[in-house]
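Just so you know, all these numbers are worked out from the coordinates, no wet-lab data involved. What you see is a predicted model; the values in this text were computed from it and never measured. Backbone-built Cβ (ideal geometry, glycine too); neighbour counts: all protein chains shown.
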Amino acid sequence: MAIFAPLAADSDLRIPCRHESGRRDTKGLPIDYANLRGPPAEYLEMTSEIRQIFAFVRMRIAASAHPAYNPPMKKPQRDLTQSERESFHERGVVIASGLFSQDCLDHLASDIDQVVQEPGPMAGPISVPEEKFSGDLFLWKTNDGFRDWIFNSPAAQIAHQALGGRSIRHFYDQLFVKPAGCHLPTPWHQDITFWPVDVESRNFCSIWITLDPVTSASSGLEFIIGSHRWPERFKAITPHDDPYMRDSPFTWPPAIDENREAYEIYSPELGAGDCLIFDAHILHGSSGNHTTDQPRRAFSSRWFRDEVLYDPRHATMPLLWTHGLERGDPLRGDLFPQVLPRTLDGECARQHGPAEGPDEDLLRTFLEAVASVPQFPESLPAPPTD
């Protein structure tokens, strides 16, 4: 291979070196791209030619989108079928079984149980302890098990099968745990209006996995089929009706439960390990868990293809890690890493590094914004009931 050819991680390029004895090794030494700092200790002498080669290779690696080392990504147990992909695009949601191995699911269940017992820094604002509801956000930044799920599970490949596109990036992950007797409903909502992104972007999907059997009685999700194509954008209504999140110019969601016969409502029952893949614009919600013995542990990872633009509107989910984005920038960098077709060197701090808590200054700014909205703002009308 010519030295000036593009350098690949599995390249068999070798460089000539001299042994301690002075004998020249004509077979050469393989270049270790992941740890390229210089020759091994047993090679005590480098010619000026070899110094130039090392300098050149370092320059090429620094200037390129050379993929970082990553443990092998697990493959799905099966691919999405054509029918499932069509359902996602045409109906806005699809149920899929048998995508994740039992080993993947066992690790995920263990990680969920751990963070319920030891909540992360983002759990407080979205959990409702008096109703026994546990939620959490951006777990992959603070917990290694969820980090490994993002980079090594089949989820990114499944997202690519649903979305298509040139590249797949991770947006964020979220936990929803409703134990038996948690009567807190999740109001009808669109995910897209919660997020600080262009609300017209069609590049997102959520992969919502349950670790327990789910029925309507145990807080199964419900969807309005086809609503992902509606032109309306609705207020972001949280389970505890957060005044900050609903302080937006969007309209109130329709009163679905008071007029259910007017809509095509999809209420699937799921087995443990099944997942729902759905569009960010589809209207969905759930009742409380009215069972006495059936928990509902669910984990959702959000993914997007190609480019999505940052739009830090008021009344959206905060991004509490430094990201360096300005309004109108494409989402990218350490907070929104590319996972497929490969990870990128400049976005791998968390992939190979320790847990990262939220930035204290960004958290303080967000709490000030929340405090600026009255808890019961008279300027906001009551949601419709008919």
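Stretch residue 368-residue 89 to full length: gain in nm at 0.36 nm per residue minus the Cα-Cα span?
That works out to 96.5 nm of additional length.
Applying 1/(1 + (r/R0)^6) with R0 = 35 Å to the Cβ-Cβ distance of residue 345 and residue 82, what FRET efficiency is obtained, to the nearest 0.05?
Efficiency for this residue pair is about 0.45.
For residue 166 paired with residue 128, estimate the spin-label separation in nm (one decimal), with each label point 7 Å from Cα along the Cα-to-Cβ line.
Rounded to a tenth, the inter-label distance reads 4.3 nm.
Listed highest first by mean packing, meaning other Cβ atoms within 10 Å per residue, what order do 357-367, 333-343, 211-221 come in?
211-221, 333-343, 357-367
By the scheme Lys and Arg +1, Asp and Glu -1, what is the net charge of all other residues having a beta-carbon under 12 Å from that of residue 91?
Neighbour charge sum, excluding residue 91 itself: -3.
Calculate one ³J(HN,Hα) per residue across region 295-311 by plugging θ = phi - 60° into the Karplus curve 6.51 cos²θ - 1.76 cosθ + 1.60, and present them in order as whole Hz with x for glycine and proline.
Once rounded to whole Hz, the list reads x, 9, 9, 9, 10, 10, 10, 9, 9, 9, 9, 6, 10, 10, 8, 6, 9.
Trypsin sites (Lys or Arg not before Pro) within region 247-328: which are DSSP loop residues with at most 16 other Cβ atoms inside 10 Å?
Listed in order of number, the matching sites are 313, 327.
Could you work out how far apart the two model spin labels at residue 252 and residue 314 are, taking each label as a point 7 Å from the Cα in the direction of the beta carbon, and quote it in nm?
With each label point 7 Å from Cα toward Cβ, the separation is 2.0 nm.
Under a plain spin-label model, where a point goes 7 Å from the Cα along Cα-to-Cβ, how far apart in nm are residue 217 and residue 260?
Output for this residue pair reads 1.5 nm.
Mind checking which aspartates and glutamates have their C-alpha under 13 Å from residue 235, skipping anything on the same chain fewer than 8 residues away?
Correct list for residue 235: 191, 247.
Once the other residues with Cβ under 15 Å from the Cβ of residue 357 are scored (Lys, Arg +1; Asp, Glu -1), what is the net sum?
Local charge sum for residue 357: -4.
What number comes out for the charge environment of residue 296, summing +1 per Lys or Arg and -1 per Asp or Glu over other residues with Cβ under 9 Å away?
With Lys, Arg at +1 and Asp, Glu at -1, the net is +1.
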